[in-house]
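What follows is a set of notes on a single structure, which appears directly below.
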Amino acid sequence: MSKRRFLIIGSDGLIGFALLNYLKKANESVISTTRKKLIKDHTRIYLNLKDEVRERKFLKSVGEVDTVVFCSGITQADKCEKDKFASRMVNVESVCKLAGILANNCRHIVFLSSNAVFDGSKEYPSHEDTVSPVNEYGRQKSEVEQELLKLYPSRVTILRLTKVLGARNPLFDDWSHMLKKGASIYPFSDMYIAPIPVSFVVSVIRLLVDRSVSGILHLSGDQDFSYADIAFMAASWLGAKKVQVKPILASESHLHRSLLRQSKTALDISRLQCELGIIPPKSLWTLQQAFVCPSILNGV
Ligand SMILES: NC(=O)c1ccc[n+]([C@@H]2O[C@H](COP(=O)([O-])OP(=O)(O)OC[C@H]3O[C@@H](n4cnc5c(N)ncnc54)[C@H](OP(=O)(O)O)[C@@H]3O)[C@@H](O)[C@H]2O)c1
């Protein structure tokens, strides 16, 4: 049997980059797409999902592939809200088109989705619950999920993720900097995350492919924390003063209302536990590492 070959769509982002490195280290055969035009590496293929995908040219450049992982996307919910048309092209239309182009030869399609397919009103929604997106980003994710599951039911894995943290996190890096120099920070007290490390996400993707698990799965931290909770904990981990943390309300900020999800972002992960027999690190552990030893979130 020939060696399997992965294709990562969008390998310069947080998860795509971590997955590319993880698979390479594991000695897997992998090619990937990038928006950087000047790369001279035959395993890196130029692809901009804003453009019409040209089937023949694309198939010729990727060659034989048996597993495709979609890590691409306009991932900032506010950008999707502001430019629904352009974000829909990148997040929905091009993804469905590419999946169609690759489907004939591909054994497995993995699509990374999000807890944004839910409105955040229910605790630990399960993979069987009806979706209820309240913003454009969530609607786009949910639309691709439905389309892929309808067309390739036994070959598609939809992995819904909560907030993923890697070694670099601009917001937390900024907070650390401010707290260490004695300055104030202004976290939202009404926005929540249940984070998971990127190193864990990529190992789950590989396991799902190894075991040919299809359908919808959830990967989530165990507990929600508000950004204000996180900021207070960060102050204590970094030896800063509590008074430096000055919580504010996202609902009173300039944020679009549809971006203010309710307080429940954590997902029910029972199917993942059952299929893979693994438990993600606790949200609290992940958060602490983000401030005291961020590189561990990348698995180093
Ligand atoms: N990170 C999270 O907390 C999280 C949570 C839930 C779900 N997800 C989902 O997981 C996937 C990966 O997330 P991520 O955090 O790694 O995202 P990210 O860091 O924002 O990376 C997105 C990737 O998509 C590429 N991309 C954006 N526009 C493109 C276009 N027009 N054509 C081709 N490629 C394009 C980016 O390329 P450039 O580098 O060139 O911009 C980048 O490689 C996304 O689908 C996201 O919705 C992520």
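See the values below:
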{"quantity": "Where labels lie 7 Å past Cα in the beta-carbon direction, separation of LYS3 and LEU284 in nm", "calculated": "4.4 nm"}
{"quantity": "Calculated FRET value between GLU52 and ARG271, using beta carbons and R₀ = 35 Å, to 0.05", "calculated": "0.45"}
{"quantity": "Segment LYS97-LEU249, extension gain: residue separation times 0.36 nm, minus the distance between their alpha carbons", "calculated": "50.7 nm"}
{"quantity": "Residue with peak Gaussian network fluctuation, the chain [Cα springs, cutoff 10 Å], from HIS127, HIS42, HIS256", "calculated": "HIS42"}
{"quantity": "FRET efficiency for LYS181 and ARG257, using Cβ-Cβ distance with R0 set to 41 Å, rounded to 0.05", "calculated": "0.75"}
{"quantity": "Which of GLY16, PHE6, ALA116, positive extreme of dipole for region 1-159 (C-beta unit charges)", "calculated": "PHE6"}
{"quantity": "Derived scalar couplings ³J(HN,Hα) [region 77-88; Karplus, 6.51 cos²θ - 1.76 cosθ + 1.60; whole Hz; x for Gly, Pro]", "calculated": "4, 5, 5, 5, 5, 6, 10, 4, 5, 5, 5, 5"}
{"quantity": "The chain - charge dipole about Cα centre, Lys and Arg +1 at Cβ, Asp and Glu -1, debye rounded to 20", "calculated": "1020 debye"}
{"quantity": "Rounded Å value of the spacing that divides the Cα centres of region 107-126 and region 227-291", "calculated": "17 Å"}
{"quantity": "ASP210 versus LYS40: modelled label distance in nm, points set 7 Å from Cα along the beta carbon direction", "calculated": "3.8 nm"}
{"quantity": "Contact order normalised by residue count of the chain, Cα under 8 Å, 6+ apart, percent", "calculated": "19 percent"}
{"quantity": "Chain lengthening between GLU123 and ASN105 when straightened (0.36 nm per residue, less Cα-Cα)", "calculated": "2.6 nm"}
{"quantity": "Pairs beyond 28 Å (Cα-Cα), from LYS40/LYS60; LYS82/LYS264; LYS57/LYS79; LYS3/LYS163; LYS25/LYS82", "calculated": "LYS57/LYS79; LYS3/LYS163; LYS25/LYS82"}
{"quantity": "Charged-residue dipole, Cβ positions (Lys, Arg, Asp, Glu), region 161-300 about Cα centre, Debye nearest 20", "calculated": "260 debye"}
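The numbers here are math on the coordinates, done by the rules we state, and not lab data. These numbers were taken from a predicted model, which means no experiment stands behind them. Positions of Cβ are generated from backbone atoms using ideal geometry, with glycine treated the same way; all protein chains shown enter the neighbour counts.
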